[in-house]
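Data first, discussion second: the structure below is written as C-alpha cells.
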Amino acid sequence: MNTKKIRTVIALVFVLVASVQTFSQESDGTDGTIFLGPSYSFVLKEPAAWVMDSKTAKSQHLEAVLYREGSSWKDAVAVMYARVIHKDETQDTVEKVITNDVTDFLKLNKESKVSDSAPLQTRYKKEGTSKVFYDAANKNYGDCDFHRRA
C-alpha cells in the first residue's frame with residue numbers, strides 16, 4: 001500500500017465507538033498519557049477529577065475511556081473516549097471520514113441529529129472539526145472532535 005495514502009485521523013470521541021489496537025504508557029500525572037499505534041502517536045491528558053482508563057478501553061476497541069473519579073466506565077453518567085480512525089481508499093480525507101461517520105450515525109435513527117459545534121483546542125492551539133450527535137433512540141448527546149495528524 002502506498003505510504004502517502006496511509007494517513008491518520010485522530011478523533012477524541014464522546015459517545016461513539018470504533019476499534020484499533022494501541023499501546024499506552026501510564027500517565028505521569030502532569031503531561032498526560034502517550035498513545036502509540038500503527039501510523040499514529042498522540043498525548044491525551046484527562047481533565048481534573050476524571051480517570052483515564054486504557055485497560056478498559058482495550059476491551060471496547062478504543063484507545064482510552066474516561067469517566068469521573070468515584071465512578072466507572074460501566075456506571076458513569078458522563079463518559080469520554082478516544083479512538084483513531086485510519087484514512088484509506090474509501091475515505092482518503094478528513095472530510096470524508098467525518099461525512100461517513102455522520103452518515104452512518106444518521107442511518108441508525110431517522111430522528112437523530114448532527115450539528116456543528118465549537119472545536120476543542122489542542123495543547124498546541126490546533127483545532128479540529130467538532131460535531132454534536134443527538135442519539136434519538138437513547139436520548140443522549142455526544143460531542144465528537146476530529147483532529148488531523150500533524
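Remarks
- Of residues in region 38-62 being aliphatic (A, V, I, L, M) and loosely packed, with under 13 Cβ neighbours inside 10 Å, the one nearest to T122 (Cα to Cα): A48
- Of all residues in region 104-128, exactly one satisfies the criterion of being under 21 Å from A82 (Cβ atoms), modelled with pLDDT of 90 or more and touching a helix residue (DSSP H, G or I) at 6+ places or on another chain (Cβ under 9 Å), namely V114.
- Test set (1) crowded, with 17+ Cβ neighbours inside 10 Å; (2) over 24 Å from A76 (Cα atoms); (3) among the β-branched types (V, I, T) - V114 fails condition number: (2)
- Selection within region 101-128 - touching a residue at least 60 places away in the same chain (Cβ under 8 Å) and part of a helix (DSSP H, G or I): D101, F105
- Scan of region 40-58 for residues that are part of a strand (DSSP E or B) and among the hydroxyl-bearing types (S, T, Y), ordered by number: Y40, S41
- All conditions but one from (1) free of Cβ contacts under 8 Å to residues at least 60 places away in the same chain; (2) more than 23 Å from G37 (Cα to Cα); (3) surrounded by fewer than 15 Cβ atoms within 10 Å (Cβ to Cβ) apply to Y141; the one that does not is (1).
- In region 64-119, the qualifying residues are those that are closer than 17 Å to K131 by Cα and acidic (D, E), and the one that is farthest from the chain's Cα centre (by Cα) is E111.
- Residue match in region 11-27 (condition: at pLDDT 90 or above, in a strand (DSSP E or B) and under 25 Å from D104 (Cα atoms)): no
- In region 63-96, the qualifying residues are those that are surrounded by 13 or more Cβ atoms within 10 Å (Cβ to Cβ) and basic (K, R), and the one that is farthest from D143 (Cα to Cα) is K87.
- Selection of region 91-100 for residues being in a loop (DSSP other than H, G, I, E, B) and under 18 Å from E127 (Cα atoms) yields only T93.
The values are calculated or read from the model by the stated rules, or taken from the named source; none is laboratory data. This is a predicted model, so every value here is computed, not measured. Positions of Cβ are backbone-derived with ideal geometry, glycine not excepted, and every protein chain shown enters the neighbour counts.
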